[in-house]
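Only one structure is covered here, and it is reproduced in the block below.
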Amino acid sequence: MTKSDLIDKAKQASENAYAPYSKFKVGVALLTKSGKVYTGCNVENSSYGLSNCAERTAIFKAVSDGEKKFKEMVVYANTDKLFTPCGACRQVISEFSSNMKITIVSAKEILETTIGDLLPHEFHL
Ligand code: THU
């Protein structure tokens with residue numbers, strides 16, 4: 001599974017985004033250490049606070065399937081400006097990995113980072 005395959009899967013997943021309110025469609029491809037790929041998209045709600053980001057959708061799908069060890073995540077949105085995962089998603093990602101590689105892909109830019117860089121000093125019990 002190459003980076004380019006993961007980007008393609010994240011792009012495909014963004015097409016399933018349910019984002020009638022923000023119109024900001026996000027897709028994620030999450031590669032597990034066992035070699036499986038879980039995808040996710042954002043799912044919004046008319047009660048806005050109930051919306052779920054693409055990152056958490058992918059992680060929750062994987063964890064509910066028994067997968068908790070992750071190698072890397074690709075996040076895609078068809079927007080010119082680069083974006084980064086929200087604080088809630090950073091905390092959820094950091095629950096499962098302190099050094100997961102994260103590639104953020106927009107229409108014009110790519111950022112290669114890690115969850116450790118995005119959320120230093122995360123909360124852990
Ligand atoms: N969103 C994501 O799914 N992932 C991100 O990394 C940034 C934001 C979603 C949440 C909401 O549905 C929409 O994008 C606008 O914030």
On a full-extension model of 0.36 nm per residue, what is the gain between Phe83 and Ser98, subtracting their alpha-carbon distance, rounded to one decimal in nm? 3.4 nm
What residues from the stretch 68-101 fall in the zone where the backbone N is under 17 Å from a label point 7 Å along the Cα-to-C-beta line of Val43? 89
Carbon and sulfur together cover what percent of the accessible area of the chain at a 1.4 Å probe radius? 51
Output ordering of 54-60, 67-73 (per-residue mean of other Cβ within 10 Å, highest first) is 54-60, 67-73
Which listed pairs, of Lys9/Lys61; Lys61/Lys101; Lys33/Lys81; Lys3/Lys68, have C-alpha distances above 26 Å, in listed order: Lys33/Lys81
Reported to the nearest 10 Å², Ile93 has, with a 1.4 Å probe, an accessible area equal to 0
Across Ser22, Ser51, Ser98, the residue with the highest GNM fluctuation in the chain (Cα network, 10 Å cutoff) is Ser22
Using the heavy atoms of the protein chains alone and a 1.4 angstrom probe, what is the accessible area of the chain per residue in square angstrom? 55
For the stretch 3-118, what's the radius of gyration and Dmax over Cα atoms, in angstrom? 12.9, 37
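The values are calculated or read from the model by the stated rules, or taken from the named source; none is laboratory data. All of these numbers come straight from a predicted model, not from anything done at the bench. Note: ideal-geometry Cβ built from the backbone for every residue, glycine included; neighbour counts use all protein chains shown. Each accessible area value is taken on the protein alone, full model and side chains, heavy atoms only, with ligands, DNA and RNA left out. Shrake-Rupley method; radii C 1.70, N 1.55, O 1.52, S 1.80 Å.
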